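Undergrad: Have a look at this one.
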Amino acid sequence: MSTFTFEPCELPESAQALRADVRAFLRAALAGHPPVLCARSWMGFDPAFSRLLGARGWIGMTWPTRYGGHERSAFERYVVLEEMLAAGAPVAAHWIADRQSGPLLLRFGTEEQRQRYLPAITRGERFFCIGMSEPDSGSDLASIRTRAVRTDGGFVVNGTKVWTSMAHACHHMIALFRTTVDANDKHAGLSQFIVDLDTPGIAIRPIRNLAGEDHFDEVVFTDVFVPADALVGTEGQGWAQVNAELAFERSGPERYLSCVQLLIELVRELAGDPSERAAVGVGRLLAHLATLRQMSLSVAGMLEQGRNPALEASVVKDLGVAFEQDLPGAAQELLDVEPLAAGGSDVQQVLGYLTQIAPSFSLRGGTREILRGIIARGLGLR
Amino acid sequence: MNELRGILTSTVTRLLGTEVTKESLQEAEAGTWPAALWDALEGNGLTRPLVPEAQGGAGGTWEDAHVLLHAAGRFAAPVPLAETILASALLSSAHLEVPDGPLTVAPVRPGETLALAAAGGWRLSGTVTRVPWGDAAARVAVVAPVDGRVHLALVDPALAARTPDRNLALEPRDTLAFDRTPVDAAVPLTDGDAAWRLGALVRAVQMAGALDALLEQSVRYANERVQFGRPIGKFQAVQQQLAVLAEHVAAADLAAQVACRAAGRGDATFEIAAAKVRAGDAARVGTGIAHQVHGAIGFTYEHALHFSTRRLWAWRAEFGGETHWAEALGRAALARGAAALWPDVTAR
């Protein structure tokens, strides 16, 4: 019925040529990194590594040179991203700014905002987090209540953001606030702002996750002054802007590669196993991985052509997280080992870590249920 | 899309879309050979997309053949279109003449072999089972070893002792017994596994087409069927299931397209294996969802849904199921080792 148009996508020569450079760089930069650190993948926060990448020109790759970008193709950026993820490079520090905040500013930001933030992002010096969810607003994002009220020269913000990844280590938050209250339309009156996280009145409290990591935070705003020039785009258009932004968030290779370190360790462990069971288990995972990569590449091709693959991105994310979420369980069955938080073998630690964080895969960036709702709308059911 | 592919797509969609109906499928299942449909396919030049133009084919690629195979699956065409495309491709690439009429291939079951011997011309002996359309085919492209070297031969199935059999979709899958049967021609093959591998490819593409039909029928039904005062497609429980079906359809479809692209370039074993595994997994999940959404009416012979689901259940096993192809992928990956895993995936 051709509702979704996934076409095979060919990476151009230039992108493939770049792959060898990225691999050589990563081999040197990650020498000695234990597998369990690599398994953190895009959860691994390492400012020094981000600055190294910035120096190589691998942050803001597609952005205009006048903002510090490198005007390279979406395909070249794609190759760098997938190589980073496959190697388990600690990319979390610059990841959000490169993926979402920068493109948001290029699209909706003022010239002054672009000049001020983008070059520093591309150098790997300025890190962004995303303030969307609130204690009473998760999937029902449009119900947020944190208020930004007009005052002399700007806004005064009161409210709480939660599950904000790495807010305690970032410089800025792209925050979604309610600027006007319309009882009849909750999607109206939302606006996006760039908030400096060292502004007085902001309290950041890490929330420990079940694996013992302080990865996400609660961010409380008490009479926080945000200057007028921190508004991103148009006041009241925050909902439309956020949805455009989420299309970027959902389209990348990180949505099926979160557990690729485990697949690599699994192959290492089973390489000497002549059983049919081992071969079938690995082969099945590989068939899915290879297909997801082709789907993800196809979305990259649509972005490069300037098309809007929001639906296709939702398909890839939902299928991708189903794959990566299933992988720890499948690997445990094939290996028949105990997952461990510490001690034991490398593969036990990788398995232990990914088993614990896997539940987040189908929550972050839009829950499974929300994504399937988007797909159902695309099918003409809603 | 190139010009040839555009013409093939519009022609095959129009032809199968009008000629293949619930009634014609029921007649075919009752044993009637749909001669008019076959003649129309052949007359419109849709049966030999991979044969060079000089030999009377369309001179296309596997990506061109894809649109025909996909349509054959989508419309559940009750003729050996896929088998003819496969057999004619094998014959022409072995520089054998491609005869008119429906064609098929044998053997199609692991472990079955035929023997070819020179005795006053090439003679074929042995029994093969589950040959697709073995009775309807004008000729069979047969893979058989001669002194350890695999050959491709062309034989008339009318010269074999034939026992009819069917798959779950009631498509003919016949037993052919040869006994020093003379063949039309025989030549050595450089790639002895091509028939098996490309057989898996054509089934993977047909499955993607049949999955597309499942989605189309299921979404239409969910928008029409009213319960509790509204179309069942308005219920989130149904929407979530149809979204999953759509995801599997999209994955199987792209995997099959990628495999066709690879088949035109050289060794496509990896992509074909991945496509057959992916199509099989999609069939397992997708047929369940389609039937659940359709409720009891979809479980009747009267309703057309089963023409797609029974084909998917049958095709999933033909030319190797998920276990077979996953094992092949897994053995290759384990032999190459952990360090080669990602480089091998990205080299594709």
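Undergrad: Round to the nearest 0.05 the FRET efficiency obtained for A:Arg56 and A:Leu210 when R0 = 25 Å and r is the Cβ-Cβ distance. Mind showing how you got there, number by number?
TA: Values: r = 35 Å, r/R0 = 1.40.
Working from the Cβ atoms, E equals 0.10.
Undergrad: Same structure, new question: Using only the Cα atoms of the range A:254-323, what are the Rg and Dmax in Å?
TA: 14.8, 47
Undergrad: Here's a follow-up. Using the count of nearby Cβ atoms within 10 Å as a rough guide to exposure, how do A:Lys186, A:Lys161 rank from fewest to most?
TA: A:Lys186, A:Lys161
Undergrad: For an R0 of 22 angstrom, estimate the FRET efficiency from the Cβ-Cβ distance between B:Phe235 and A:Leu363 and round to the nearest 0.05.
TA: 0.40
Undergrad: Using 7 Å Cα-to-Cβ label points, what is the A:Asp198/A:Asp346 separation (nm, one decimal)?
TA: Output for this residue pair reads 4.0 nm.
Undergrad: If the viscosity is 1.306 mPa s and the temperature 10 °C, what translational diffusion coefficient in µm²/s does Stokes-Einstein give for chain A when Rh comes from Kirkwood over Cα pairs?
TA: Calculated translational D: 73 µm²/s.
Undergrad: If you build the Cα gyration tensor of the range B:1-46 and take the root of 5 times each eigenvalue, what three semi-axes come out, in whole angstrom, biggest first?
TA: 24, 11, 6
Undergrad: When Cβ neighbours within 10 Å are restricted to other protein chains, what is their mean count per residue of peptide A:308-319?
TA: Mean partner shielding for this stretch: 2.
Undergrad: Let's see if you can work this out: charge +1 on each Lys and Arg Cβ, -1 on each Asp and Glu Cβ, no other charges. What is the dipole magnitude of the range A:86-223 about its Cα centre, in debye to the nearest 20? It would help to have the intermediate numbers written out before the result.
TA: Numbers: 14 positive and 17 negative charges, 45 e Å.
Using only the charged Cβ atoms, the result is roughly 220 debye.
Undergrad: Within chain A, which cysteines find no other Cys whose Cβ is under 4.7 angstrom from their own?
TA: Isolated Cys, chain A: A:Cys9, A:Cys38, A:Cys259.
Undergrad: A follow-up question, please. Looking only at Cα atoms, what is the convex hull volume of the range B:194-346 per residue, in Å³?
TA: Taking the convex hull of the Cα positions in the range B:194-346, it is 115 Å³ per residue.
Undergrad: With unit charges on the beta carbon (Lys/Arg positive, Asp/Glu negative), name the residue among B:Phe235, B:Val142, B:Thr129 whose Cα is farthest towards the positive pole of the charge dipole of the range B:124-236.
TA: Of the options given, the answer is B:Phe235.
Undergrad: Moving to a separate point now. Could you tell me the largest-minus-smallest coordinate of the C-alpha atoms of chain B on each of the three principal axes, in descending order and whole angstroms?
TA: Its Cα atoms span 76, 55, 39 Å along the three principal axes.
Undergrad: Shifting gears a bit: Does anything in the range A:167-211 have its amide N under 13 Å from the 7 Å Cα→Cβ label point of A:Asp223, and if so which residues?
TA: A:200-202, by backbone N distance to the label point.
Undergrad: Please work out how many pairs of lysine residues in the protein assembly as shown are eight or more positions apart (or on different chains) and have Cα atoms closer than 29 angstrom.
TA: Values: A:Lys161/A:Lys186; A:Lys161/A:Lys317; A:Lys186/A:Lys317; A:Lys186/B:Lys234; A:Lys317/B:Lys234; A:Lys317/B:Lys276; B:Lys22/B:Lys234; B:Lys22/B:Lys276.
So the count works out to 8.
Undergrad: Shifting gears a bit: Cut-off 10 angstrom, C-alpha nodes, Gaussian network model of chain B. Which of B:Ala333, B:Ala94, B:Ala317 fluctuates the most?
TA: Fluctuation is largest for B:Ala333.
Undergrad: Per the Kirkwood definition applied to all pairs of different Cα atoms, how many angstroms is the hydrodynamic radius of the protein assembly as shown?
TA: 27.8
Undergrad: Still on this structure, I have one more. Along the charge dipole of chain B, pointing to its positive end and built from +1/-1 on Cβ of Lys, Arg, Asp and Glu, which listed residue (B:Ala340, B:Val187, B:Val20) has its Cα farthest out?
TA: B:Ala340
Undergrad: Also: Under a 5 Å amide H to amide H cut-off, with H placed in plane at 1.01 Å, what residues pair with B:Val105 once short-range neighbours are removed?
TA: Close amide H contacts, sequence-distant or interchain: B:Ala141.
Undergrad: Something else about it: Shielding by partners for B:207-219, please: the mean number of other protein chain Cβ atoms within 10 Å of each residue's Cβ.
TA: Counting other chains' Cβ atoms within 10 Å and averaging over B:207-219 gives 2.
Undergrad: For a quick check: sort B:Asp191, B:Asp100 by the number of other beta carbons within 10 angstrom, fewest at the front.
TA: B:Asp100, B:Asp191
Undergrad: Something else: Apply the membrane-span-like helix rule to chain B: whole DSSP H runs, Cα extent along the own long axis of at least 27 Å, mean Kyte-Doolittle hydropathy at least 0.0. List the helices found.
TA: B:194-224, B:236-263, B:269-294
Undergrad: With charges only on Cβ, +1 for K and R and -1 for D and E, what is the dipole size of the range B:252-348 about its Cα centre, in debye, rounded to 20?
TA: With only Lys, Arg, Asp and Glu charged at Cβ, the dipole is about 120 debye.
Undergrad: Could you list the square roots of 5 times each eigenvalue of the Cα gyration tensor of the range B:97-191, that is, the equivalent ellipsoid semi-axes, sorted largest first and rounded to whole Å?
TA: For the range B:97-191, the semi-axes come out at 21, 14, 12 Å.
Undergrad: With just the Cα atoms defining each centre, how far is the range A:212-280 from the range A:104-174? Give it in Å.
TA: 17
Undergrad: Take chain B, connect every pair of alpha-carbon atoms lying under 10 Å apart with a spring to form a Gaussian network, then pick out the residue of B:Val285, B:Val67, B:Val51 with the largest mean-square fluctuation.
TA: Evaluated over chain B, the most mobile residue of the options is B:Val285.
Undergrad: Another question, then. Would you mind computing, in nm to one decimal, how far apart the modelled labels at A:Asp326 and B:Val146 are, each placed 7 Å from Cα along Cα→Cβ?
TA: The modelled label-to-label distance comes out at 4.6 nm.
Undergrad: DSSP H helices in chain A with Cα extent of 27 Å or more along the helix axis and mean Kyte-Doolittle hydropathy at least 0.0?
TA: Working: long enough: A:276-304 (41 Å, 0.60); A:310-335 (37 Å, 0.45).
Answer set is A:276-304, A:310-335.
Undergrad: Another question about this same structure. If one computes the Cα centroid of the range A:28-92 and of the range B:96-171, what distance in Å separates the two points?
TA: Here the answer is 55 Å between Cα centres.
Undergrad: What are the principal axis extents of the Cα atoms in the range B:1-79, in Å, biggest first?
TA: For the range B:1-79, the Cα spread along each principal axis is 37, 24, 16 Å.
Undergrad: Under 10 °C and 1.306 mPa s, how fast does the range A:250-378 diffuse according to Stokes-Einstein, given a Kirkwood radius computed over C-alpha pairs? Answer in µm²/s, whole number.
TA: 102
Undergrad: Here is a further query. Quick one: Kirkwood hydrodynamic radius for the range A:130-236, alpha-carbon pairs, angstrom, one decimal?
TA: Kirkwood hydrodynamic radius for the range A:130-236: 13.9 Å.
Undergrad: Stick to the Cα atoms of the range A:13-126, pair each with every other, and give me the Kirkwood hydrodynamic radius in Å at one decimal.
TA: Radius from the Kirkwood sum: 14.2 Å.
Undergrad: Next question, about the same structure. Placing +1 at every Lys and Arg Cβ and -1 at every Asp and Glu Cβ, with all other atoms neutral, what dipole size does the protein assembly as shown have around its Cα centre, in debye to the nearest 20?
TA: The calculated dipole for the protein assembly as shown is roughly 600 debye.
Undergrad: At a Förster radius of 35 Å, what calculated FRET efficiency corresponds to the Cβ-Cβ distance of B:Ser125 and A:Arg277, to the nearest 0.05?
TA: The pair B:Ser125/A:Arg277 has a calculated efficiency of 0.40.
Undergrad: Can you give the average number of partner chain beta-carbon atoms within 10 Å of each beta-carbon in peptide B:237-244, as a whole number?
TA: Partner-chain Cβ atoms within 10 Å, mean over residues of B:237-244: 6.
Undergrad: Averaging sequence separations of C-alpha pairs under 8 Å and six or more residues apart, then dividing by the length of the range A:13-126, give the relative contact order as a whole percent.
TA: 37
Undergrad: GNM, chain A, Cα, under 10 Å: largest mean-square fluctuation among A:Gly283, A:Gly109, A:Gly60?
TA: For chain A, modelled as a Gaussian network with Cα springs under 10 Å, the answer is A:Gly283.
Undergrad: While we're here: Gain in length, B:Ala54 to B:Ala115, computed as 0.36 nm per residue apart minus the alpha-carbon separation, to one decimal in nm?
TA: Here the answer is 18.8 nm.
Read-outs: derived from the displayed coordinates by stated rules, not from any lab. A quick note: this is a predicted structure, and the numbers were derived from the prediction, not measured. In this analysis, Cβ positions are derived from the backbone assuming ideal geometry, glycine residues included, and neighbour counts consider all displayed protein chains.
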